[in-house]
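All remarks here apply to the structure that follows.
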Amino acid sequence: MLPVRQSLSAEQVVPLILAGQPLSNLNVIGSVVLIISDDYVLPPVSLTNCHFQRFNASITGFSGPVTFQDCRFDEARFFGTYFLGGARFINCIFTGEVDFSAGGHNTPPAEVVLEHCEFRQYVDFFDVWYTGPVRIQNCRFLGGTNLLIYLSEPYGSTLEYPPLVLENQGDLGLERH
């Protein structure tokens, strides 16, 4: 049985995320907006079993590792987001479109991982660049994605770290309609 989620506003949650406090079992009401591009110095982010109405970390640079586990996103935007310390999205559900375009930039050996995630609408990986390892495994892309178009050289990954794209479902080579 899953723990009961406490409801907090996005205004309450943002300072906790910026302080590096691990958060779990939350229902976050409103729009979480993390747009921080000046120094890319953010502590590790660890969010577990949280439901976000809207999560926007566009044009943000995370220097520490980012982990979302068992989270649900109604809207998610990671446009131009640098995951310098790596990112892990494990067992997450995304009900709206997801934008990972122009992002990535993980510093080796930090890994970007999408594992056992379900994306119910289109996922945009336009112009991503993963300079370290990337693994996308056992995900369901129900609305399709352009992942395979932009994950190959010269766009998405370096020769030192070829991407691992394993056992996923859906159209992984769907260009935006």
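The values are calculated or read from the model by the stated rules, or taken from the named source; none is laboratory data. This structure is a prediction, so every number in the text was calculated from the model and none was measured. As a convention, Cβ positions derive from the backbone with ideal geometry for all residues, glycine included, and neighbour counts pool all protein chains shown. To get the accessible areas, we keep the full protein, side chains included, count just its heavy atoms, and leave off ligands, DNA and RNA. Shrake-Rupley method; radii C 1.70, N 1.55, O 1.52, S 1.80 Å.
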*Can you pull out the residues in the stretch 75-92 that are open to solvent by 50 Å² or more (accessible area, probe 1.4 Å) and either under 19 Å from Gly143 (Cβ atoms) or touching a Leu at 6+ places or on another chain (Cβ under 8 Å) (or both)?*
Glu75, Arg77, Phe79, Asn91
_On the basis of being among the aliphatic types (A, V, I, L, M) and either exposed (fewer than 15 other Cβ atoms within 10 Å of the Cβ) or within 21 Å of Gln69 (Cα to Cα) (or both), does Val123 make the cut?_
yes
*Test: Phe52 is open to solvent by less than 30 Å² (accessible area, probe 1.4 Å), touching a strand residue (DSSP E or B) at 6+ places or on another chain (Cβ under 6 Å), more than 22 Å from Ala19 (Cα to Cα) and in contact (Cβ under 8 Å) with a residue 12 or more places away in the chain*: no
_Qualifying residue in the stretch 30-40 (condition: at pLDDT 95 or above, within 15 Å of the chain's Cα centre (by Cα) and either open to solvent by less than 60 Å² (accessible area, probe 1.4 Å) or farther than 20 Å from Arg135 by Cβ (or both))_ = yes
*If we scan the stretch 130-152, do we find a residue that is modelled with pLDDT under 95 and surrounded by fewer than 16 Cβ atoms within 10 Å (Cβ to Cβ)?*
yes
*Just name the residue that is surrounded by the fewest Cβ atoms within 10 Å (Cβ to Cβ) out of those in the stretch 102-111 that are on the phi < 0 side of the Ramachandran plot and touching a residue at least 40 places away in the same chain (Cβ under 8 Å).*
Pro108
*Any hit, the stretch 155-174, residues being in a strand (DSSP E or B), surrounded by fewer than 18 Cβ atoms within 10 Å (Cβ to Cβ) and of a type in the set (S, T, N, Q)*: yes
*Which one is nearest to Ile90 (Cα to Cα), of the residues in the stretch 125-154 that are part of a loop (DSSP other than H, G, I, E, B), out of contact with any Asp or Glu (no Cβ under 8 Å at 6 or more places or on another chain) and of a type outside the set (A, V, I, L, M)?*
Phe125
*Given the conditions (1) open to solvent by less than 70 Å² (accessible area, probe 1.4 Å); (2) over 14 Å from the mean Cα position of the chain (by Cα); (3) on the phi < 0 side of the Ramachandran plot, which single one is not true for Gly20?*
(3)
*Can you run down the residue pairs with Cβ atoms below 7 Å, 6 or more apart or on separate chains, where the first is in the stretch 133-157 and on the phi > 0 side of the Ramachandran plot and the partner is open to solvent by 30 Å² or more (accessible area, probe 1.4 Å) and at pLDDT 95 or above?*
Asn138/Glu115; Asn138/His116; Asn138/Glu167; Asn138/Asn168; Gly144/Gly170; Gly144/Asp171
